[in-house]
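Scroll down for the structure; my scribbles are underneath it.
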Amino acid sequence: MISPEFKETVYKRCQEIVSTQIAEIQQAIAELSADQQGETKSSAGDKYETSRAMIQLEKDRLGQQLVQSNAMLRALKSIGLTGTNREIDLGTLVATSSGLYYLLVSLGEIPVGELSCFLVSGASPIGKMLIGKKVGDKITLQGREINILEIA
């Protein structure tokens with residue numbers, strides 16, 4: 001049986017992962033900014049410009065990741081520990097014949113204690129199939145039948 005404590009533990013672990021991602025991206029952007037400001041113009045002007053352009057491209061890429069991670073954190077906070085015990089929706093932790101799935105945000109498989117849980121969004125293929133299902137229902141994913149055993 002899925003306990004409310006386990007569900008809360010998975011939820012908090014998810015928040016920790018996303019918060020850590022945000023902090024790491026912000027640190028990387030700060031380091032790149034320092035590197036960019038530390039670049040000195042030399043007689044090899046093209047090398048200087050190329051280096052600054054490469055740093056800017058990396059900062060832009062990290063900026064996009066930061067936007068996505070912040071959106072993920074907002075989504076987590078808006079979903080919270082919701083979910084019913086009757087029908088699968090966002091915020092529902094689902095025990096299936098193929099493992100545990102938590103419909104929150106897409107972070108993939110994470111270890112939680114001795115178990116693993118797949119964090120998936122409602123927009124993912126399996127998320128779309130699970131939403132609206134109840135205990136006892138079945139879905140078919142990649143030719144495999146998956147039984148819904150419990151929801152919390």
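Just so you know, all these numbers are worked out from the coordinates, no wet-lab data involved. Predicted model, so just to flag it, every value in this text is computed and none were measured. Methodologically, a virtual Cβ is constructed for each residue, glycine included, from the backbone with ideal geometry; neighbour enumeration extends over all protein chains shown.
General observations
- Likely footprinting exposure, 96, 20, fewest C-beta neighbours within 10 Å first: 20, 96
- In this structure, the amide hydrogen of residue 150, modeled 1.01 Å from its nitrogen in the peptide plane, lies closer than 5 angstrom to those of 95, counting only residues at least 5 positions away or on a different chain.
- Histogram of C-alpha separations across the chain, 5 Å bin width, %: 2, 9, 16, 17, 13, 10, 8, 7, 6, 5, 4, 3, 1, 0, 0
- Theoretical FRET efficiency, 1/(1+(r/R0)^6), r = Cβ-Cβ of residue 142 and residue 77, R0 25 Å, to 0.05: 0.20
- 3J(HN,Hα) from dihedral phi, the stretch 106-116, Karplus parametrisation 6.51/-1.76/1.60, rounded to Hz, x for glycine, proline: 7, 10, x, 7, 10, x, 9, x, 8, 10, 10
- Two-site FRET efficiency, residue 16 against residue 87, from Cβ-Cβ distance with R₀ of 22 Å, rounded to 0.05: 0.20
- Computed helical MRE - 222 nm, the chain, DSSP H runs ≥ 4 contributing -39500 (n - 2.57), nearest 500: -17500 deg cm²/dmol
- Angle between the chain longest axis and helix 45-79 axis [Cα atoms, degrees, rounded to 10]: 20 degrees
- Annotation: amide H-H contacts under 5 Å for residue 112 (H modelled 1.01 Å from N, sequence separation of 5 or more, or interchain): 117.
- Local net charge near residue 28, Cβ-Cβ under 11 Å (Lys/Arg +1, Asp/Glu -1): -2
- Count Lys and Arg as plus one, Asp and Glu as minus one, and take only other residues whose Cβ is under 14 Å from that of residue 145; the net charge is then +2.
- For the stretch 76-148, average projected area of the Cα convex hull in nm²: 4.8 nm²
- Label-point separation, residue 135 to residue 51 (7 Å along Cα→Cβ), nm: 6.4 nm
- Kirkwood estimate for the stretch 4-79, i.e. one over the average of 1/r between Cα atoms, Å: 14.5 Å
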